[in-house]
Amino acid sequence: MSAERAPLVVVGGGGHAKVVLSVLARLGTFAILGYLDPKDRGPILGHPWLGDDSSARQLSNDHGRLAVVLGIGKTDGRSDRLTFLERFSRIGAVFPVVIAPTAFVAEDVVVGEGTVVCDGAIVQAGTRIGRAAIVNTGARVDHDCVLHDDVHIGPGAVLSGGVQVGDGSLVGVGACCRQNVKIGSNCTIGAGAAVTSDCKDGALYIGVPARLASA
């Protein structure tokens, strides 16, 4: 007899939550209870709204220790996903690493709790990824990169070998980074930008080559 699947909830009800729920359904590893969001958005891919974040404690009481997956996207270089991770940790939730069936993650890659690797993403050998990160659809992270906590590598973005991305930073859709560049913390790399040199903390970089945006 197979082991009973652990109960799981997704935090968030927007577009990224839909992507995450699709991945989880195909993996079949958990018993998906539904999603938590301030607003009832109706069923998402057949999964019901369970209330807002405050409902998590009662769900944990009803179902035992919950697995929680963050379905909250990240559209700028401000850190917030870790706040949710810490909040739900206080009720004893666990945060599994979620890797889509069509993603490739090399066998020696280290991935922190609560991180999601989406469909078609590639993460090559020697890379380390922190907690609550997103490697989004079709992104490519080459060898020996370091992605710190709450990083979002956007759809189709490409990181060459040895790139470092600081806490809370976003590498936007289709952006690319030359090998060994360092992107600071809470930094935003705009869509389609080409990063050829280091980027400082808390700044926005756009263009080809990427340059610091005017205030």
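Numbers at a glance
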read-out	value
Farthest positive-ward along the range 79-179 dipole, Cα basis, beta-carbon charges - from GLY126, PHE88, VAL163	PHE88
Considering only the chain, percent of DSSP beta bridges that pair antiparallel, nearest 5	5 percent
The range 161-215 shape via C-alpha gyration tensor axes, a/c threshold 1.5	rounded
Positive-end residue, the range 7-89 charge dipole about Cα centroid, Cβ charges, pick of TRP49, TYR35, VAL20	VAL20
Cα shape, the range 7-89, gyration tensor, a/c 1.5 rule	rounded
Net length gained if the chain between LYS39 and SER54 were fully extended (0.36 nm per residue, minus Cα distance)	4.1 nm
Magnitude of the charge dipole, the chain, Cβ model with Lys/Arg +1 and Asp/Glu -1, debye to 20	240 debye
Cβ-based net charge around SER55, under 12 Å, with every Lys or Arg adding one and every Asp or Glu removing one	-4
Coil-residue trypsin sites (Lys or Arg not before Pro) of the range 14-88, DSSP, other Cβ within 10 Å capped at 10	LYS39
Estimated distance in nm for a label pair at THR83 and GLU107, the labels positioned 7 Å out from Cα along Cα-to-Cβ	4.1 nm
Helix-only [θ]222 nm of the chain, DSSP H runs n ≥ 4, -39500 (n - 2.57) each, per residue, nearest 500	-4000 deg cm²/dmol
Inter-site label distance for ASN61 and ASN180 at 7 Å from Cα along Cβ, in nm	5.7 nm
Neighbour-count order for ILE99, ILE134, fewest beta carbons within 10 angstrom listed first	ILE99, ILE134
GluC sites (Glu not before Pro) lying in DSSP loop within the range 68-165, provided at most 10 other Cβ fall within 10 Å	GLU107
The range 1-75 versus the range 140-215: alpha-carbon centroid distance in Å	30 Å
Computed FRET value (nearest 0.05) for ALA125 with ALA191, which takes r as the C-beta separation and R₀ as 25 Å	0.35
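We did not get these values from a lab; they are worked out from the coordinates using the rules stated. Just so you know, these numbers come straight off a predicted model, no measurement behind them. With ideal geometry, Cβ positions are generated from the backbone for all residues, glycine too; neighbour counts draw on all protein chains shown.
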